[in-house]
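A short worksheet on the structure shown next.
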Amino acid sequence: MRVSQLFTKTSKTAPGDEVAKNAQLLIRAGFIHKEMAGVYDYLPLGKIVLNKIIDVIREEMNAIGGNELSLTALQQKDVWEASGRWNDEVMDVWFKTKLASGSELGLAPTHEEPLTKLMKSFISSYKDLPVYPYQFQIKFRNELRSKSGLMRGREFWMKDLYSFSRTQEEHDTFYEKMSEAYDRVYARLGLGEITYKTFASGGSFAKYSHEFQTLSPVGEDKIYVHEGKKIAINEEVYNDEVLADLGVSREELVERTAVEVGNIFTLGTKFSDALDLNYTDEDGTSKRVIMGSYGIGPSRVMGLIAEHFSDDKGLVWPENVAPAKVYLVRIGGDQAVAHADTLYDELIAQGVEVLYDDRDERPGAKFADAELMGIPYRVTVSDRLIGAGQYEFTPRATGETSLLTGGELLAKLN
RNA sequence: CGGGGUGUGGCGCAGUUGAUAGCGCGCUCGGUUUGGGACCGAGAGGUCGAAGGUUUGAGUCCUUUCACCCCGACCA
């Protein structure tokens, strides 16, 4: 992509009404735009980052048998009344609206009910199970207070997978596989080191649920971390019983603030009871389907990564989620243009994603933008280096520049 | 939803005791520049969140209202 073709621009200043670092940097770099409190547009570069996060999650969900689908955002009242969650006192984050006919509708805050109902059309035998449908979708939640930029929005992206299993054992096995898949997701997103599988309250069908909590000063949750076991306990269940269950003592735990970047939850038969989702087992008897739900908020993850991987110059994207691998800076006249154009074509031919700064700007402005946007590698083509057949190569994270030949450069970026 | 704060060109801000708005960035044009967000000159762009009120006169005072931010409560 050529920078001259991007309609977005960078800004030296952040909007005065944004305090959260993730929002300030993402807006300054032109990745997102604020529409209203807790509601953001994803601009071209931001959309690429969001897509990359989604792609990582998708690969891991597919690897454990997920079936991607797309459910509707408009929700019928009846489906939710079956579980009692249409009631505003039970679920206080509803955005409700009406059809022209006057019928009430809701904007989906989550999808257990509609999906459970949908699956009634496809699940009837033990042979139809287990199944793992999932989706990436914008959820709507009427939060009393949205905050922290992308971290808590009223409209946000969510990956939600739901498991439908025959037995508790089958469910438990999948639950564990999902936990491992989540570990791989966060590792690939560069958050593995600071993300902890955290014990949280389980609801009526399991003693615990698990949250994936990433350490961050902007976190809303307080957790107690056990470094040795790489686990943590949410403060809501931080008690002697849990400590005993996990075989840890208070002295081994450290209190930290963290951001919930995902959760896995055993639902049991809560929704299959409410909506009457059954299957016929091998012995001919009818049984309830055992369910689980598994969420990750890609938009929140994006905010967290922006918040975590940044410095005084701007964003510092991990390679797996960066909008491009290389920021190609061109300095100089016709000769530099010709060389940069050629290198751009070569990199593209090699499958390297490049953001080519072909603007007629001064070098300082290009360098500053490359840093603000946080592209992992900056490559500089300039008149003064062409004679020597050299290119400058500068990793964003270290800022250390080395001089490479064309061959060395292509090898390094491959 | 309770408490606190803020709304002035696209963005960041200033506007003294009331007298129909100013700076920086950005933008346009001309020229000079060209390895760390260039410089000079000339321009365009706002009725000051909205509504009502006080006053000869309101960005400045009063009332109402909307929006945004922070803390708390609540939540992916």
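Bear in mind these aren't lab numbers, they're just calculated from the coordinates by the rules spelled out. As the structure is a prediction and not an experimental result, all values here were calculated from the model. Virtual Cβ from ideal backbone geometry, glycine too; neighbours counted across all protein chains shown.
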Using alpha-carbon positions, what is the distance between the centroids of the stretch A:277-322 and the stretch A:133-148, in Å? 13 Å
Give me the compactness ratio for the stretch A:315-380, meaning the Cα radius of gyration over 2.2 N^0.38 Å. 1.07
Figure the gain on full extension for residue A:414 and residue A:187 (residue separation times 0.36 nm, minus the Cα-Cα span) and round it to one decimal in nm. 79.6 nm
Roughly how many whole Å is it from the C-alpha centroid of the stretch A:1-27 to that of the stretch A:343-414? 22 Å
Counting helices only, and only those DSSP H runs with n ≥ 4, report the 222 nm mean residue ellipticity of chain A as the sum of -39,500 (n - 2.57) divided by its residues, in deg cm²/dmol to the nearest 500. -9000 deg cm²/dmol
How much length is gained if the chain between residue A:97 and residue A:34 is pulled fully straight, taking 0.36 nm per residue apart and subtracting their Cα-Cα distance, in nm to one decimal? 20.3 nm
Would you grab the residues whose amide H sits under 5 Å from the one on residue A:39? Only those 5+ places off in sequence or on another chain, please, with H modelled 1.01 Å from N. A:154
Set of lysines with alpha-carbon distance to residue A:230 below 25 Å, sequence-local pairs under 8 removed: A:159, A:177, A:197, A:207, A:222
Cβ-Cβ FRET estimate between residue A:227 and residue A:1, R0 fixed at 45 Å, reported to 0.05: 0.60
Which lysines have a Cα lying under 30 Å from the Cα of residue A:366, excluding residues fewer than 8 positions away in the same chain? A:9, A:12, A:21, A:34, A:47, A:52, A:313, A:325, A:412
Exposed trypsin sites (Lys or Arg not before Pro) absent: longest stretch of chain A, with sites in DSSP loops and at most 11 other Cβ within 10 Å deemed exposed: A:146-414
Measuring from its Cα centre, the stretch A:336-403 shows a charge dipole (+1 at each Lys and Arg Cβ, -1 at each Asp and Glu Cβ) which, in debye to the nearest 20, is 220 debye
Give me the net charge for the shell around residue A:38: Cβ to Cβ below 13 angstrom, other residues only, Lys and Arg +1, Asp and Glu -1. +2
Taking only C-alpha positions in chain A, Rg and Dmax in angstrom work out to 24.5, 81
Tell me the net charge near residue A:222. Cut-off is 11 Å between Cβ atoms, residue A:222 excluded, with +1 for each Lys or Arg and -1 for each Asp or Glu. -4
